[in-house]
Amino acid sequence: GWYSSTTGNNTLVLTTTNPFTSGASLSFPIVVAVDPATEPGTQLEFAGVVDSDTPDNDLTNNTDTTRTAVLGEADLELSKGGLSTVTAGETITYTVVITNNGPSTAQSPVLEDIAPAGVTVDSVTVRYADGSSKVCFVPTCVLRDLADGEVVTATVVGMVDSGVAADTILTNTATVASPTFDPTPGNN
């Protein structure tokens, strides 16, 4: 015998035409979805109010509020590819793909690409899913917030020193991190 409706200001209204007898109580689990872009640390306030057509001589216990702190969790994943061989004195290009596996928005992630000895990073060009891009001229690049499911691609261009020996193995490492908690840092 209970009915629910919503109003335009994020209010859920539960009503019934059935009598609610003295001493009775009901429990209503209310599930809400928190926007994944909500900044971690935000305090959400949920207020409840009960009302009746029957006169109530004590209105002080008809409302209650609960506060919930928003925690962020974003599983950032990074994969990287590049040439298997390069000639000393030429440029080398690496492709880095960063995926936010969510469930929250990754706040201010930082991509760091540490070039091996003998390689100088010239630029890092980040391309976002919406077609926009950002260029960094240092190996550390601060990205914009990445939504749940968002994938970005970074192209890292470097110069191999002409004095690097022919049999040298160049190992280039990239990492991504965010202040948003990452439950699986091993894939960063």
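Averaging the Cα positions of each part gives two centres, and for the range 1-45 and the range 114-168 these lie 47 Å apart. Pick from SER123, SER25, SER84: which is most flexible by mean-square fluctuation in a GNM of the chain where alpha carbon atoms under 10 Å apart are linked? In this elastic network of the chain, the residue with the biggest mean-square fluctuation among SER123, SER25, SER84 is SER25. 3J(HN,Hα) couplings calculated from phi for the range 171-182 with the Karplus curve 6.51 cos²θ - 1.76 cosθ + 1.60 (θ = phi - 60°) are, in sequence order, 10, 9, 10, 10, 9, 10, 8, 9, x, 5, 3, 10 Hz; Gly and Pro show x. Springs between Cα atoms under 10 Å define the GNM used for the chain, and in it the highest mean-square fluctuation of VAL70, VAL13, VAL138 occurs at VAL13.
I'd like the carbon and sulfur percentage of the solvent accessible area for the chain, probe radius 1.4 Å, heavy atoms only, ligands and nucleic acids excluded.
Working: 6490 of 12100 Å².
Solvent-exposed carbon and sulfur of the chain make up 54 percent of the total.
Of all segments of the chain bounded by chymotrypsin sites (Phe, Trp or Tyr not before Pro) found in a DSSP loop with no more than 13 other C-beta atoms within 10 Å, the longest spans 21-136.
Which residues in the range 69-104 have a backbone N closer than 14 Å to a point placed 7 Å from the Cα of ALA33 along the Cα-to-Cβ line? Zone members listed by number: 103-104. Here the contact order of the chain, divided by its residue count and restricted to Cα pairs under 8 Å and six or more residues apart, works out to 23 percent.
Highest mean first, what order results for 167-174, 60-67 on Cβ atoms within 10 Å? Mind dumping the intermediate values first?
Values: 167-174: 12.9, 60-67: 9.1.
Most protected by this proxy first, the peptides run 167-174, 60-67.
For the set SER132, SER79, the ranking by accessible area, highest first and with no ligand, DNA or RNA atoms included, is SER79, SER132 under a 1.4 Å probe. Calculated on C-alpha atoms, the gyration radius of the chain divided by its Kirkwood radius gives an Rg/Rh of 1.29. Under 5 Å from the amide H of THR42 lie the amide H atoms of VAL70, each residue being 5 or more positions distant or on a separate chain, with H modelled from the backbone and absent for Pro and chain starts. Per residue, the chain exposes 64 Å² of accessible surface when a 1.4 Å probe is rolled over the protein heavy atoms with every protein chain present.
The values are calculated or read from the model by the stated rules, or taken from the named source; none is laboratory data. As the structure is a computational prediction, the values presented were derived from the model and not from experiment. Quick reminder, even Gly has a Cβ in these numbers, built from the backbone with ideal geometry, and neighbours come from all protein chains shown. Surface areas here come from the heavy atoms of the whole protein model, side chains and all, with no ligands, DNA or RNA. Shrake-Rupley method; radii C 1.70, N 1.55, O 1.52, S 1.80 Å.
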